[in-house]
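Trainee: Submitted below is the structure of interest, expressed as structure tokens.
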Amino acid sequence: MLSNALLSGYGREHELEADRLGAEYLARTGRDPQAMLGVIGVLKNQDQFARQQAAAEGRDHQGYHGLFATHPRNDTRLQQVIGAASGIAVTHSVGDRRREYLQAIDGMVYGDSVEQGIRRGSNFYHPELGIALRFPDKWAIKNLPDRLIAIAPGGAASIQMQVDDINRRIPPREFMKQRLGIKDLQQGRPLAGDDQQGYTGLTRLNTAEGPRLGRVSVVYLNQQAYIFVGVAVDERVAPQTDPLLLATARSLHPLTNKERQLAKPLRIRITRAAAGHNYARLASSSLIDSYAEQHLRLLNNHYPTGVPTPNSLIKIVE
């Protein structure tokens, strides 16, 4: 606890310095330095949502911006460093340009891009790689720059997929031994589909809860090796999880023309809130796959319980 407190205090000084500089930059460009409090409030809301999301998925969450910090508007030291920027002399004022800003972001890509691949529910489409696959229903999918990670409800199990060049043509079984360094593969067997060849088996994997028997699969498709590593952290659900891990690897296939039409990014749209609009209703028609209501609230700075004002401009995702 003492170690965490010391590290938090050290990081806090750097955070306050960043906040002070941010307020100065605002002031010197003719903007209200007190707006930094709003900026930090948005970050705190995002942190709160990320914390709740991690808890729902059984993950740890590393927070930021002051481990022991209160709400920004109640933080005395934060108000002091930002208030100091109010004394900076400026020669002009920018004014409120929110409408101009909203016009500029209307149509902006939201979430996955075509270059990163597109998530649609439990499906994943990647136009540039020319592949598609399906993860288990209701698993949360994380699209990271170097891998895909799907997490079961409550964090009971997970599977990740990475892609690598085959380089020289060796059987998938040898790829697992030579390139992945797996020497103790158990129950190994071919994993074949209509357009691919692959191999799968069980091996011991290290997890935060200790060693667990997990499944590794390698699938060759379009001159690439797709590596699937899955494990049930909760060993009680391992028998029910293993078929899902196999099904995910087997689902990998070339992208069809119909799927290519689905592989388009979501976009932010600016609209006027009608009377009776609420975020639950807006979320029901949004294409955001998960936590749609929370994402829309965060986008409009109404997290966690705010409501849109009738006739006001709000952001939706289509």
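The values are calculated or read from the model by the stated rules, or taken from the named source; none is laboratory data. Quantities reported herein were computed from a predicted structural model and do not represent experimental measurements. All Cβ positions, even for glycine, are placed from backbone atoms using ideal geometry, and neighbour counts span all protein chains on display. The protein model used for the area step is the full one, side chains on, heavy atoms only, and it has no ligands, DNA or RNA in it. Shrake-Rupley method; radii C 1.70, N 1.55, O 1.52, S 1.80 Å.
Trainee: Counting just the residues of segment 187-201 that are crowded, with 18+ Cβ neighbours inside 10 Å and not aromatic (F, W, Y), which one comes out modelled with the lowest pLDDT? Break it down into steps so the answer makes sense when it comes.
Mentor: Start the filter on segment 187-201 by keeping residues that are crowded, with 18+ Cβ neighbours inside 10 Å, which leaves 191, 196, 198-201.
In the following step, the residues that additionally are not aromatic (F, W, Y) were identified as 191, 196, 198, 200-201.
Numbers: L191: 87, Q196: 65, G198: 93, T200: 96, G201: 96.
Selected residue: Q196.
Trainee: Moving to a separate point now. Give segment 1-43 a look and list any residue that's modelled with pLDDT under 85 and basic (K, R), or say none.
Mentor: Correct list: R12 only.
Trainee: For A104, are the conditions met, namely being out of contact with any Lys or Arg (no Cβ under 9 Å at 6 or more places or on another chain), surrounded by 14 or more Cβ atoms within 10 Å (Cβ to Cβ) and under 28 Å from I314 (Cβ atoms)?
Mentor: Numbers: out of contact with any Lys or Arg (no Cβ under 9 Å at 6 or more places or on another chain): yes; surrounded by 14 or more Cβ atoms within 10 Å (Cβ to Cβ): no; under 28 Å from I314 (Cβ atoms): yes.
So A104 fails the test.
Trainee: Ok, one more. Exactly one of these conditions fails for G214: (1) in contact with a Ser or Thr (Cβ under 8 Å, 6 or more places away or on another chain); (2) within 30 Å of Q48 (Cα to Cα); (3) not in a helix (DSSP H, G or I). Give me its number.
Mentor: Condition (2) is where G214 drops out.
Trainee: Would you check if R99 is part of a helix (DSSP H, G or I) and charged (D, E, K, R)?
Mentor: On the way: part of a helix (DSSP H, G or I): yes; charged (D, E, K, R): yes.
When the stated conditions are applied, R99 passes them.
Trainee: Could I ask something else about it? Between E174, E128, which is without any contact (Cβ under 8 Å) to a residue 60 or more places away in the chain, closer than 22 Å to K264 by Cβ and charged (D, E, K, R)?
Mentor: Details: E174 fails: closer than 22 Å to K264 by Cβ.
Among E174, E128, only E128 is without any contact (Cβ under 8 Å) to a residue 60 or more places away in the chain, closer than 22 Å to K264 by Cβ and charged (D, E, K, R).
Trainee: How many residues are assigned to a loop (DSSP other than H, G, I, E, B), in contact (Cβ under 8 Å) with a residue 40 or more places away in the chain, crowded, with 17+ Cβ neighbours inside 10 Å and touching a strand residue (DSSP E or B) at 6+ places or on another chain (Cβ under 9 Å) if we restrict to segment 282-318?
Mentor: Adding up the residues that qualify gives 2.
Trainee: When residues of segment 159-174 are filtered for being at pLDDT 95 or above and buried (at least 19 other Cβ atoms within 10 Å of the Cβ), how many remain?
Mentor: Summing the residues that are at pLDDT 95 or above and buried (at least 19 other Cβ atoms within 10 Å of the Cβ) in segment 159-174 gives 2.
Trainee: Name the residue that is nearest to the chain's Cα centre (by Cα), counting only residues in segment 224-246 that are buried (at least 23 other Cβ atoms within 10 Å of the Cβ) and of a type in the set (G, A, S).
Mentor: So the residue we want is G230.
Trainee: Can you pull out the residues in segment 149-158 that are open to solvent by less than 10 Å² (accessible area, probe 1.4 Å) and over 18 Å from Y291 (Cβ atoms)?
Mentor: Matches in segment 149-158: A157 only.
Trainee: Of all residues in segment 116-140, count the ones that are closer than 21 Å to S290 by Cα, part of a loop (DSSP other than H, G, I, E, B) and open to solvent by 20 Å² or more (accessible area, probe 1.4 Å).
Mentor: Residues that pass the stated criteria total 5.
Trainee: Now for a different question. When you go through (1) in contact (Cβ under 8 Å) with a residue 60 or more places away in the chain; (2) among the hydroxyl-bearing types (S, T, Y); (3) under 23 Å from L43 (Cβ atoms) one by one for Y279, which number turns out not to apply?
Mentor: Single failed check for Y279: (1).
Trainee: Still on this model: Which residues, taken from segment 268-281, are of a type in the set (S, T, N, Q) and in a strand (DSSP E or B)? Reasoning before the result, please.
Mentor: First, the residues of segment 268-281 that are of a type in the set (S, T, N, Q): 271, 278.
Hit for segment 268-281 is T271, nothing else.
Trainee: Ok, one more. Do you know which residues across segment 249-277 are under 22 Å from the mean Cα position of the chain (by Cα) and within 21 Å of L287 (Cβ to Cβ)?
Mentor: L262, A263, K264, P265, L266, R267, I268, R269
Trainee: Could you run through segment 203-223 and say how many residues are crowded, with 16+ Cβ neighbours inside 10 Å, out of contact with any helix residue (DSSP H, G or I) (no Cβ under 7 Å at 6 or more places or on another chain) and in contact (Cβ under 8 Å) with a residue 40 or more places away in the chain?
Mentor: The number of residues fulfilling the criteria is 1.
Trainee: If I go through segment 145-158 residue by residue, how many of them are modelled with pLDDT of 90 or more and outside any loop (DSSP other than H, G, I, E, B)?
Mentor: Total meeting the criteria: 7.
Trainee: Residues that are small (G, A, S) and under 30 Å from N222 (Cα atoms): does segment 258-267 have at least one?
Mentor: Step one: list which residues in segment 258-267 are small (G, A, S), which gives 263.
Subsequent filtering for residues that are under 30 Å from N222 (Cα atoms) retains 263.
Yes.
Trainee: Now, a different point. Across segment 159-202, what is the number of residues that are in a loop (DSSP other than H, G, I, E, B) and in contact with a helix residue (DSSP H, G or I) (Cβ under 9 Å, 6 or more places away or on another chain)?
Mentor: Of the residues in segment 159-202, the ones in a loop (DSSP other than H, G, I, E, B) are 166-171, 179-185, 191-192, 194-195.
Filter once more, so that each one left must be in contact with a helix residue (DSSP H, G or I) (Cβ under 9 Å, 6 or more places away or on another chain): 166, 170, 182-183, 185, 191-192.
Counting residues in segment 159-202 that are in a loop (DSSP other than H, G, I, E, B) and in contact with a helix residue (DSSP H, G or I) (Cβ under 9 Å, 6 or more places away or on another chain) gives 7.
Trainee: Moving on. Restricting to segment 13-38, what's the tally of residues that are assigned to a helix (DSSP H, G or I) and open to solvent by 70 Å² or more (accessible area, probe 1.4 Å)? Don't jump to the end; show me each part of the working.
Mentor: Narrowing segment 13-38 to residues assigned to a helix (DSSP H, G or I): 13-28, 35-38.
After this cut, where a residue has to be open to solvent by 70 Å² or more (accessible area, probe 1.4 Å) as well, the list is 13-14, 17, 20, 25, 28.
Count: 6.
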